[in-house]
1. Does segment 44-52 contain at least one residue that is on the phi > 0 side of the Ramachandran plot, at pLDDT below 85, exposed (fewer than 12 other Cβ atoms within 10 Å of the Cβ) and not β-branched (Val, Ile, Thr)?
2. From 2, 12, 25, grab the single residue that is at pLDDT below 80 and either farther than 20 Å from residue 71 by Cα or of a type outside the set (D, E, K, R) (or both).
3. Looking at 31, 52, 46, which one is within 20 Å of residue 76 (Cα to Cα) and out of contact with any helix residue (DSSP H, G or I) (no Cβ under 7 Å at 6 or more places or on another chain)?
4. Looking at segment 18-39 only, could you name the residues that are exposed (fewer than 10 other Cβ atoms within 10 Å of the Cβ) and part of a strand (DSSP E or B)?
Amino acid sequence: MTARLAQTRKETQSIVASSIAYYGTYSIDENTKVMVVSLGASTYANIAAIPNQKRTITLLGIGTLDSVRYGIERRREQADNYRRDSGAG
């Protein structure tokens, strides 16, 4: 059994209560360094109710918007693989 499966009900409730998950699409304006997120749904309804949310991107150290895109695309690929392998959709 992994430690994740061994947590208590109270620990699980605490994790869920302090987590927010969402999905949707995004676009990046390279000139203004702003990412616009259009949420499809969220575990926190007030967040999903705000259309076209803007996020300012600040890269620390060596990085470019291409590296941000790569990270997002990599996470999307991992999620797709998980859904395919687990039969979750």
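The values are calculated or read from the model by the stated rules, or taken from the named source; none is laboratory data. It should be emphasised that the depicted structure is a prediction, and the values quoted were computed from it without experimental measurement. Cβ placement follows ideal geometry from the backbone for every residue including glycine, while neighbour counts extend to all protein chains displayed.
1. Taking segment 44-52 first, the residues on the phi > 0 side of the Ramachandran plot are 52.
If we keep only those that are at pLDDT below 85 too, we end up with 52.
Restricting the remaining residues to those that are exposed (fewer than 12 other Cβ atoms within 10 Å of the Cβ) gives 52.
Now restrict to residues that are not β-branched (Val, Ile, Thr): 52.
Checked segment 44-52: at least one residue is on the phi > 0 side of the Ramachandran plot, at pLDDT below 85, exposed (fewer than 12 other Cβ atoms within 10 Å of the Cβ) and not β-branched (Val, Ile, Thr).
2. On the way: 12 fails: at pLDDT below 80; 25 fails: at pLDDT below 80.
Sole residue among the options that is at pLDDT below 80 and either farther than 20 Å from residue 71 by Cα or of a type outside the set (D, E, K, R) (or both): 2.
3. Details: 31 fails: within 20 Å of residue 76 (Cα to Cα); 46 fails: within 20 Å of residue 76 (Cα to Cα).
Going through 31, 52, 46 in turn, the sole match is 52.
4. If the condition is that a residue be exposed (fewer than 10 other Cβ atoms within 10 Å of the Cβ) and part of a strand (DSSP E or B), then 25 is the only one that fits.
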